[in-house]
Amino acid sequence: MTEQITTVERAFELARSGACNSVNDLRQRLRREGYDAVHLHLHGASINKQLVDLIHAAKG
C-alpha cells in the first residue's frame, strides 16, 4: 500500500523545492497532483507566511 503524504507536508516540500513561485502557484500544483480541499488545509496567515518565507528562501 502506498501512503500519500498530507497536503500540508507536500505544500512544505514544494515550497522548499523552489518549484513554485507563489503560494497560489503552490496551491494550483497541489490540486493538479490530486490533493483535495487545499484551501482548507492552507488557510490562515501563519501557514501562508511560512510558505512564502520558504518559497523566497528557495529562490535565493
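Here are a few things to note about the model shown:
- Qualifying residue in segment 22-36 (condition: among the small types (Gly, Ala, Ser), in contact (Cβ under 8 Å) with a residue 40 or more places away in the chain and open to solvent by less than 50 Å² (accessible area, probe 1.4 Å)): no
- Flag for residue 52 being of a type in the set (A, V, I, L, M, F, W, C), under 11 Å from the mean Cα position of the chain (by Cα), open to solvent by less than 50 Å² (accessible area, probe 1.4 Å) and at pLDDT 95 or above: no
- Scanning segment 5-21 for residues that are open to solvent by less than 80 Å² (accessible area, probe 1.4 Å) and in a loop (DSSP other than H, G, I, E, B) returns 5, 6, 18, 19, 20.
- Within segment 37-49, tally of residues that are open to solvent by less than 50 Å² (accessible area, probe 1.4 Å) and either in contact with a helix residue (DSSP H, G or I) (Cβ under 6 Å, 6 or more places away or on another chain) or touching a residue at least 12 places away in the same chain (Cβ under 8 Å) (or both): 5
The values are calculated or read from the model by the stated rules, or taken from the named source; none is laboratory data. The model shown is predicted, which means the values in this text are computed figures rather than measured ones. Note that each Cβ is placed from the backbone with ideal geometry, even for glycine, and that neighbours are counted across all protein chains shown. Heads up: the accessible areas ignore ligands, DNA and RNA and are worked out on the full protein's heavy atoms, side chains in. Shrake-Rupley method; radii C 1.70, N 1.55, O 1.52, S 1.80 Å.
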